[in-house]
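Q: Please see the structure below; I have some questions.
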Amino acid sequence: MSKIALITGVTGQDGAYLAELLLEQGYTVHGMRRRASHYNEFRLEQIRNNPKNAGKFFLHYGDLTDSMSIFRLVEAIRPTEIYNLAAQSHVSVSFETPEYTANADGVGTTRFLEAIRLLGLIDTCRFYQASTSELYGLVQEVPQSETTPFYPRSPYAVAKLYAYWITVNYREGYNLFGSNGILFNHESPNRGEIFVTRKITRAVALIAEGEDIILTLGNMDSQRDWGHARDYVDGMHRILQHDQADDFVLATGETHTIRHFVNLSFDAAGITVRWEGEGVNERGYCAKSGKLLVQVSADLFRPAEVELLIGNPAKAKALLGWEATVKIHELASEMVNEDRRRYKDGTLFWNKQSVLW
Ligand code: NDP
Ligand code: GDR
């Protein structure tokens with residue numbers, strides 16, 4: 001049977017990498033996009049420019065908060081696999097838009113599950129839910145695995161908790177093939193500009209290219225388990241090819257502070273940082289010139305923080321043969337180099353205000 005995928009969030013970091021992977025594997029790929037006031041499909045350019053994808057890749061308008069658009073798409077496309085990657089995915093922003101985040105990230109998942117059920121596709125359509133390590137929140141146990149209790153710490157994580165359980169519920173209640181990927185942080189040169197890694201690598205690239213800016217961050221003591229998005233979309237695909245629906249952690253098994261990622265990123269540009277002070281008074285200076293490179297702003301701290309994430313990917317390794325392949329210093333280096341390349345060829349979007357986000 002020919003494989004037909006529907007990817008929500010196709011214009012985002014993971015959606016674009018996943019679309020590319022599935023097209024390489026011979027799938028027909030349909031992506032759900034939403035209308036924006038400015039062009040938001042730049043991550044899909046490579047796919048569109050590849051003549052091999054002609055007649056294989058389609059985009060449709062739809063929205064997680066619009067049930068009718070979801071039913072219309074699922075009915076028309078009759079996908080064999082749905083990857084639900086769309087979300088209001090920024091943790092800080094979720095504190096400012098909690099109701100919308102619950103609607104999109106939580107109830108949005110139910111809309112897809114109900115569409116599969118009511119349209120009679122339970123036997124032909126598998127469903128992947130983009131669950132997250134943010135579910136673990138306040139540390140209960142380390143490393144975190146599929147059996148670690150959840151304790152969400154943001155409106156985003158609470159909405160994703162609902163989505164996690166509603167997927168399990170449809171699996172148990174209706175025998176729907178619904179799986180959760182509990183993915184730890186994964187990054188790439190295509191990461192959104194206001195997530196911390198990309199904010200850092202973009203600022204480092206600008207500083208290395210001679211721009212007069214200061215990298216301004218919030219909490220640099222929190223620790224994250226960072227991998228490369230390309231590995232993680234491969235994991236999503238493996239999760240849906242497994243012989244039974246199940247939930248899997250995808251992680252590297254290593255954790256590092258935000259400060260460490262800052263150091264690695266400056267290292268990649270040949271700049272050594274000398275740190276002074278603590279808390280909001282902490283500053284990073286260029287060890288050679290003494291110039292101020294990094295400062296802390298209390299405004300960028302979150303109302304509730306997730307201090308420590310480190311995942312145990314043993315189940316995914318044993319059952320799916322999946323492993324993260326990219327080390328953190330390789331990730332930082334790839335991101336800095338790509339941001340520098342974009343700066344030089346004029347494709348890096350930035351202005352002085354945008355580096356403060
Ligand atoms: P991005 O923020 O890069 O992409 C999110 C996508 O969702 C974009 O395509 C966005 O569209 C779309 N979207 C947002 N709101 C809606 C809506 N109301 N209706 C339709 N589409 C919408 O996220 P990532 O690619 O990094 O992450 C993919 C998924 O995985 C998300 O669900 C995220 O929460 C989850 N996740 C991510 C992790 C990570 O480290 N990256 C880790 C664990 C889970 P637009 O382009 O128009 O904004
Ligand atoms: P996270 O990613 O919240 O883990 O969610 P983010 O990169 O936003 O934050 C990581 C950590 O860095 C600290 N931090 C800052 N964060 C941002 N964005 N900007 C700053 O200036 C800054 N300074 C310090 C944060 O406090 C936090 O501790 C990501 C998203 O992709 C989610 O969708 C996904 O579910 C999780 O990863 C796993």
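Derivation of every value follows stated rules applied to the coordinates shown; laboratory data play no part. Predicted, not measured: the structure shown is a model, and the values here were computed from it. Because the Cβ atoms are built from the backbone with ideal geometry, glycine has one as well, and the counts that use them run over all protein chains shown.
Q: With an 8 Å Cα cut-off and a minimum separation of 6 or more residues, compute the relative contact order for segment 17-174 in percent.
A: Details: 194 pairs, mean separation 33.7, N = 158.
That works out to 21 percent.
Q: Which whole-number percentage describes the relative contact order of the chain, with Cα contacts under 8 Å and a sequence gap of 6 or more?
A: Contact order relative to length: 17 percent.
Q: What does the C-alpha gyration tensor say about the overall shape of segment 59-178? Classify as rounded when a/c is under 1.5, otherwise prolate if a/b is larger than b/c, or oblate. Kindly include the intermediate steps, with their values, before the conclusion.
A: Details: a/c = 2.56, a/b = 1.45, b/c = 1.77.
Oblate.
Q: Same structure, new question: So for the pair T147, T124, with labels modelled 7 Å out along Cα→Cβ, what separation do we get in nm?
A: Those two pseudo-labels are separated by 3.9 nm.
Q: Percent relative contact order of segment 228-301, based on C-alpha pairs within less than 8 angstrom and at least six residues apart?
A: Relative contact order, segment 228-301: 15 percent.
Q: Helix-only estimate, please: 222 nm mean residue ellipticity of the chain, summing -39500 (n - 2.57) across DSSP H runs of length 4 or more and dividing by its residues, to the nearest 500.
A: -11000 deg cm²/dmol
Q: Given a cut-off of 26 Å, what percent of all Cα-Cα pairs of segment 91-245 lie beyond it?
A: Of all Cα-Cα pairs in segment 91-245, 36 percent lie more than 26 Å apart.
Q: With +1 on the Cβ of every Lys and Arg and -1 on the Cβ of every Asp and Glu, and nothing else charged, how large is the dipole of segment 262-341 about its Cα centre, in debye rounded to the nearest 20?
A: 220 debye
Q: Right, here's the next one. How much length is gained on full extension from Q295 to R78, taking 0.36 nm per residue of separation minus their Cα-Cα distance?
A: 73.0 nm
Q: Now a separate question. Give, rounded to the nearest 20 debye, the magnitude of the charge dipole that the chain has about its Cα centre when Lys and Arg contribute +1 at Cβ and Asp and Glu contribute -1 at Cβ.
A: 820 debye
Q: Which listed residue (T257, G210, W275) has the Cα farthest towards the positive end of the charge dipole for segment 163-297, taking +1 on Lys and Arg C-beta and -1 on Asp and Glu C-beta about the Cα centre?
A: Result: G210.
Q: May I ask for the distance between the Cα centers of segment 324-357 and segment 278-297, given as a whole number of Å?
A: Here the two parts' Cα centres lie 20 Å apart.
Q: Using +1 at the C-beta of Lys and Arg and -1 at the C-beta of Asp and Glu, which of H90, S154, S37 has the Cα lying farthest in the positive direction of the dipole of the chain?
A: Selected residue: S37.
Q: I've got another one for you. Under 1.5 on a/c is rounded, so check that first for segment 293-357, then, if it is not, pick prolate when a/b is larger than b/c and oblate when it is not; a ≥ b ≥ c are the square roots of the alpha carbon gyration tensor eigenvalues.
A: Oblate, since a/c reaches 1.5 and b/c is not below a/b.
Q: If you take the Cα Rg of the chain and divide it by 2.2 N^0.38 Å, with N the number of residues, what do you get?
A: For the chain, the normalised Cα radius of gyration is 0.99.
Q: If you don't mind, there's one more thing I want to ask. Sequence gap of 8 or more, or different chains, plus Cα separation below 29 Å: how many lysine pairs satisfy both in the chain?
A: 23
Q: What is the spread of the Cα atoms of segment 19-126 along each of their three principal axes, largest first, in whole Å?
A: 42, 36, 21
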